[in-house]
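A quick write-up on the structure given underneath.
The values are calculated or read from the model by the stated rules, or taken from the named source; none is laboratory data. The model shown is predicted, which means the values in this text are computed figures rather than measured ones. All Cβ positions, glycine included, derive from the backbone under ideal geometry; neighbour counts span all protein chains shown.
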């Protein structure tokens with residue numbers, strides 16, 4: 001482990017971030033109406049939480065792209 005420098009790997013806590021927040025929604029209902037309903041719910045939650053999180057930089061993990069904040 002000593003061969004890898006402390007800033008060579010991704011770890012958000014190094015930048016002084018205290019928390020990581022993951023928003024997730026899942027559903028098994030088929031159809032566009034269900035899709036729109038659940039996508040709207042997660043977007044509303046995201047909008048509600050926006051004032052409580054950092055604005056610059058806004059980040060997302062590589063495997064969890066957040067297209068609503070363009071990352």
Practice task
With respect to residue 40, determine if the residue is at pLDDT 80 or above, under 12 Å from the mean Cα position of the chain (by Cα) and either surrounded by 10 or more Cβ atoms within 10 Å (Cβ to Cβ) or not in a loop (DSSP other than H, G, I, E, B) (or both).
Solution key: no
Practice task
Please specify each residue of region 46-65 satisfying the condition of being modelled with pLDDT of 65 or more and over 16 Å from residue 19 (Cβ atoms).
Solution key: 47, 48
